[in-house]
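K.L.:
Just passing along the structure, written as structure tokens.
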Amino acid sequence: MNKSALQYLKNHTIRNLTLTDSLSDSDAEQETLRLFVETVEQAPIAISITDKKAKILYVNEEFCRVTGYKPADVLGENESLLSDKTTPRQMYHNLWRTISSKKSWQGQLVNRHKSGQRYLADLTIAPIVNALGAITHYIGMHRDITASHEAEKKVINQKLLIESVINSSPIAMVVLDDNDRVILDNQLYKALVSDLDKSEPAHFFLRLLRDEMEEVWMDLQDHNQGFTNREFRVETKGGHGVRWFSCAGNWFIENEISADAFFADNQKKYLILTLTDITKQRQHIEALHIQTLKTLMAEDERVRSIRETLLGAIHQIQMPMNQISAAEQILLHKRDEKNTHLINILQQIQKSGKNAVAKMQDCVPEIYHSAEMPVNLNQILHEVLLLEAQSLLTHNIEVQWRPLADLPNILGSENRLRILFKQLIDNAIAAIIQADNPDKQLSICTQTEADLLYVRIADSGNGIPADKHSKIFEPFYTTNKGSNTAGMGLVIAKEIVNQHHGLIDIDREVEQGCCFQLSFPLHKNSRREVSHD
Ligand code: FAD
């Protein structure tokens, strides 16, 4: 310890020490003083003692280490010797105003090391008052916090960098804690809040992901394994458009930073969820899909028209065949010699007729059947509306499409259901065109109630008279006498509905136009589609 400092402390500091009774002799006083001086001298913080004008009277070892100055360099000098002069003047004003009013001041200043190098000082200055309450000295204590400040700034900069990277990302991102609380998100994610009309889109997608992945979700979460390419169809507000999102997720572990967990090895698990809008790609795929469907449906229509023609012909042949059979029965009843020849001829005709019918039946082509699977009727109706887009536009028909949000699936054949709805919508368009109603409207909606899914297809055409309601599902019945329709469309429609264990009927309550109501049982493990209204 330097001698002047020791002298100074002896002269000034000893007065403020309270000695215990047991240490009242001068040896004990000396011992306490020595201990006190050593403590200050070796304290691991830069300590300086100044007079009222900041003239340095004492510095400890740590002060010399931090500033680079030896005691001889600074004793008698003003503390401003340490100032880098980049500290704003206002700081000094505040500092002096505080300490002059007998309060401690604490703050950060830029100091200059003897070598000229700047460092950041975390400084506390406390006034020392005498017995009369007047300030006699100041004690300054400071630490070089350059390294921790730099580290802190680095973390902040890294955070800003990460934030700006994720904000400029073309993918919506959100970080959730293990209670599904949003911890961090980016601009694109925030935009989804209004776009999808959901207060927290992440919760919405989490529900879909968990529903779809079930126990796989838990498994991945437990093993911190991610997932990718989980695609969801989202009906936007009012059913005016569909958006597609591809979801990917990754779990990561973070060590707890709170003081509570300082000695514990607490970890927190977070999920980073990314939501990529793949609507454009999907629209492209959908356009190709619709093109393929158009070809398939055209082929299907061709097959159906051959079927209808052959079935019509069989139906037509059946009538004279029945008459011949009736005639044969009559002749058999009053059998005599001269009738035998005629009976033989009739039997011959019947045999050839049956052969012809059998041959024709063999020629009736089968309709292509796709395998049964969970089917989303919103998707099927959406596709059929796209297939009909040209026709709807040409005839200026306004479509009111109201799909139910979160529509559950039914179990069925996509292909057959497409044929069913295409038939019903074809009929509706034809009815709208023929009607004299200038208000051309086609309205389609999906609903659920209990375990049933309902589809309603209503048109603004002339409707079907009540006395014909029971006939329309009969083969070869048509209300369009002049048209070239064979009257088999609704027969096939009913057959398809039956195959799906559903019901189809006309809503008799509707006054204007015609409304078909269909109901289907819901598929038990239904995967949900997403839509918003
Ligand atoms: P100065 O002219 O010294 O002062 C700036 C302003 O402070 C002036 O406008 C004036 O209003 C006010 N002021 C200055 N002296 C007094 C006073 N005696 N009474 C009332 N107001 C006054 N500064 C550092 O930069 N680094 C340090 O590590 C540091 N440690 C200090 C430790 C102690 C114990 C004390 C008492 C002061 C310390 N200071 C420190 C402050 C230092 O004394 C200077 O005030 C400061 O460095 C600014 O110096 P300057 O020459 O630029 O301006």
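Any read-out appearing in this document is the output of simple, stated calculations on the displayed coordinates, not a laboratory observation. Model, not experiment: these values are computed from the prediction. Quick reminder, even Gly has a Cβ in these numbers, built from the backbone with ideal geometry, and neighbours come from all protein chains shown.
K.L.:
For the chain, what does -39500 (n - 2.57) per DSSP helix run (n ≥ 4), summed and divided by total residues, give at 222 nm, in deg cm²/dmol to the nearest 500?
P.N.:
About -14500 deg cm²/dmol.
K.L.:
From the C-alpha gyration tensor of segment 37-112, pull out the three semi-axes of the equivalent ellipsoid (sqrt of 5λ each), sorted largest to smallest, in whole Å.
P.N.:
21, 15, 12
K.L.:
Mind checking which aspartates and glutamates have their Cα closer than 15 Å to the Cα of Lys351? Skip sequence neighbours fewer than 8 apart in that chain.
P.N.:
Hits, sequence-local ones excluded: Glu328.
K.L.:
Sticking with this one: Beyond a 32 Å Cα-Cα separation, which of these cross-linked pairs lie in this structure: Lys53/Lys154; Lys103/Lys153; Lys198/Lys268?
P.N.:
Lys53/Lys154
K.L.:
Report the gain in length on full extension from Ser83 to Thr32: 0.36 nm times residue separation, minus Cα-Cα distance, nm rounded to one decimal.
P.N.:
14.9 nm
K.L.:
Oh, and also: Please give the length that would be gained between Glu337 and Glu150 if that part of the chain were fully extended, namely 0.36 nm times their separation in residues minus their C-alpha to C-alpha distance (nm, one decimal). List each step's numbers first, then the result.
P.N.:
On the way: separation 187, 0.36 × 187 = 67.32 nm, distance 12.37 nm.
Roughly 54.9 nm would be gained on extension.
K.L.:
Given a Förster radius of 45 Å and the C-beta distance between Ala450 and Val303 as r, what FRET efficiency does 1/(1 + (r/R0)^6) yield to the nearest 0.05?
P.N.:
Working: r = 37 Å, r/R0 = 0.82.
It comes out at approximately 0.75.
K.L.:
Taking segment 107-260 on its own, what percent of its Cα-Cα pair distances exceed 19 Å? Display every interim value, and only then the final one.
P.N.:
Values: 8359 of 11781 pairs.
Here the tail beyond 19 Å accounts for 71 percent of pairs.
K.L.:
Evaluate the Debye formula for the chain with equal point scatterers sitting on the alpha carbons, no solvent, and hand back log10 of I(q)/I(0) at q = 0.06, 0.08 Å⁻¹, in q order, two decimals.
P.N.:
-0.59, -0.76
K.L.:
Another question about this same structure. Taking H as built 1.01 Å from N, whose amide H comes closer than 5 Å to the amide H of Leu453, not counting residues under 5 places away?
P.N.:
Phe520, Leu522
K.L.:
Going by Cα centres, segment 399-419 and segment 121-138 are how many Å apart?
P.N.:
The distance from the Cα centre of segment 399-419 to that of segment 121-138 comes to 82 Å.
K.L.:
Between Gln512 and Phe263, what FRET efficiency comes out of the Förster formula 1/(1 + (r/R0)^6) with R0 = 60 Å and r the beta carbon distance, rounded to 0.05?
P.N.:
For R0 = 60 Å, the calculated efficiency reads 0.20.
K.L.:
Report, please, the projected area of segment 283-363 averaged over directions, based on the convex hull of its C-alpha atoms, in nm².
P.N.:
Taking the Cα atoms of segment 283-363, their convex hull projects to 6.2 nm² on average.
K.L.:
Can you report the principal axis dimensions of segment 150-228 using only the alpha carbons, biggest first, rounded to whole angstrom?
P.N.:
The Cα atoms of segment 150-228 stretch 46, 33, 21 Å along the principal axes, largest first.
K.L.:
For segment 63-177, what is Rg from Cα atoms divided by 2.2 N^0.38 Å, rounded to two decimals?
P.N.:
So the Cα radius of gyration is 1.52 times the expected 2.2 N^0.38 Å.
K.L.:
Once the piece of chain linking Asp362 and Ala191 is laid out straight, how much longer is it, given 0.36 nm per residue of separation minus the C-alpha distance between them?
P.N.:
55.5 nm is the gain from fully extending Asp362 to Ala191.
K.L.:
Ok, one more. To the nearest 0.05, what FRET efficiency results for Asn224 and Gln108 with a Förster distance of 30 Å applied to their C-beta separation?
P.N.:
0.15
K.L.:
Cα centroids of segment 259-320 and segment 63-108: how far apart, whole angstrom?
P.N.:
Between the Cα centres of segment 259-320 and segment 63-108 lies a distance of 75 Å.
K.L.:
Based only on Cα atoms, what mean projected area does the convex hull of segment 366-417 have, in nm²? Write out the running numbers ahead of the final one.
P.N.:
Values: hull surface 18.3 nm².
Here the figure is 4.6 nm², rounded to one decimal.
K.L.:
Moving on. Non-local amide H neighbours of Val234 (under 5 Å, H modeled in plane, Pro and chain starts lacking H): which ones?
P.N.:
For Val234, the qualifying residues are Arg243, Trp244, Phe245.
K.L.:
Using the Cα gyration tensor of segment 288-419, with a ≥ b ≥ c the square roots of its eigenvalues, what is the shape: rounded (a/c below 1.5), prolate (a/b larger than b/c) or oblate (neither)?
P.N.:
Because a/c hits 1.5 or more and a/b exceeds b/c, segment 288-419 counts as prolate.
K.L.:
Based on the alpha-carbon gyration tensor of segment 373-521, what equivalent-ellipsoid semi-axes (square roots of 5 times the eigenvalues) come out, in whole Å, largest first?
P.N.:
After diagonalising the Cα gyration tensor, the semi-axes are 23, 18, 15 Å.
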